[in-house]
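The values are calculated or read from the model by the stated rules, or taken from the named source; none is laboratory data. Just so you know, these numbers come straight off a predicted model, no measurement behind them. Reconstructed Cβ throughout: ideal geometry from the backbone, glycine too, with neighbour counts over all protein chains shown. Calculation scope for accessible area: heavy atoms of the full protein, side chains included, ligands and nucleic acids excluded. Shrake-Rupley method; radii C 1.70, N 1.55, O 1.52, S 1.80 Å.
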Amino acid sequence: FFFVSAMTTQNLLKFFSGSVCWDDDDVRRSKVSVRVVRGEKLPAGDMSGSSDAFVEITLVDDSGRIPDTPMHKTDVVKKSLNPTWNYEASFELSPYEEPETREVVFKVLDWDRIGDPTFLGAVHVGFDKILVEHGGRKKHKLELSHPKRKKNGILIIDTALESEVLKFLAHLKTKKPTNISRNSAKSLADLLPAGPTKLTQSDIPIWLVLEYIVPRCYKGNEGDSEWKQYGFSILSQSHPIKDATIMSATDRKLMYLVEASIRHWFSLLEKEPNFNLGNEKQQKSLYDRSLSCQEQGEHAKSLFFAIQPTLAGYPAAENLFVECYKNLFGEEPIESLSDNTLLCNLLRGNQESKEQ
């Protein structure tokens, strides 16, 4: 997923000193760079059996319409069916727009001294492909298409998604430091949730929190609430957490993911009471898993699976949730939800019904 980038000392120091300070535009955008490397076995555009090929590069707008004027154009390489361009271009990408609606179009043409150039073939590369495959430079070998020909040659490009957050994550993945500083954690908590969806909804935030945040949350019997908040922010786009992640987690890592899930869903439902949690069949499946975990004495996992059925009003889920919750956290709401009306009322209501 990550490209092992050559990070400058200055960039690393920015993260470890906590001096990362992006303005609003920087937070919202990442830079996609594209290099048109070469063509292979292009069709002949001239009577001589060769081509004077060049490439036009266009960024498709949100409507899907291809603009008439290209944003970038390579030099013409004359008399070659295997031209080398090594032309570099870059575009800005906003993570708040759907990446599937934006793509780069590469159109290969044959230059003619008189008249319009001859179309040799084209290829479309979606930003979603760039985002899902890697966070750095990657080579793509792409077949050109033409409406009237089957074989149109190959265009070789490489792409990179450049962002300070991705560079730092690449450093963590490759160098594997034993810990990160508080300021680094704060920078990630501030910036990672604004990253591309393909990143924020991947397994990377989970890995980051379990590896570097959770060990700093607990000192003896006391939790470090500031580190917990950093982790909650980093995971803010990761919900619902995958069942497999919960089933494989243990001890403090499991407890943290359960607490993060309770915090996410109870906060969300308090803000959006009509949020759709799924149909009755889905809630029954979660409740059954919760009950099964409880019967096996796995109270944390049981609590995780009971969260959504409880908030959806599924029968019997509420009592199961409260029983598991009190078994793990006690009678009071967890610190991060001390003012959450839904959780407070749930715990209080359950206690009052027992006393009656």
(message) At R0 = 35 Å, how high is the FRET efficiency between HIS146 and THR174 if r is their beta carbon distance? Nearest 0.05 is fine.
(response) 0.30
(request) Would you rank ASP203, ASP116 by solvent-accessible area, highest first, keeping every protein chain in place and using a 1.4 Å probe? (result) ASP116, ASP203
(request) Quick one: of LYS138/LYS173; LYS107/LYS150; LYS31/LYS176; LYS79/LYS107; LYS31/LYS79, which pairs are farther than 24 Å apart, Cα to Cα? (result) LYS31/LYS176; LYS31/LYS79
(message) In whole percent, and with a 1.4 Å probe on the protein chains, what portion of the accessible area of region 276-340 is carbon and sulfur?
(response) 42
(request) With a probe of 1.4 Å, find how much accessible area region 276-340 has per residue, and write the answer as a whole number in Å². (result) 51
(message) So if I place +1 on the C-beta of Lys and Arg and -1 on the C-beta of Asp and Glu, and nothing else carries charge, what would the dipole magnitude of region 276-340 be about its Cα centre? I want it in debye, nearest 20.
(response) 340
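Ranked from the most accessible area to the least, with a 1.4 Å probe and all protein chains present, what is the order of LEU337, LEU286?
Working: LEU337 5, LEU286 35 Å².
Heavy-atom accessible area, descending, gives LEU286, LEU337.
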(message) Along the Cα→Cβ direction, 7 angstrom out, place labels at GLU280 and LYS242. What is the inter-label distance in nm?
(response) 3.2
(request) Can you tell me the FRET efficiency between ASN86 and ASP203 if r is taken as the Cβ-Cβ distance and R0 is 25 Å, rounded to the nearest 0.05? (result) 0.10
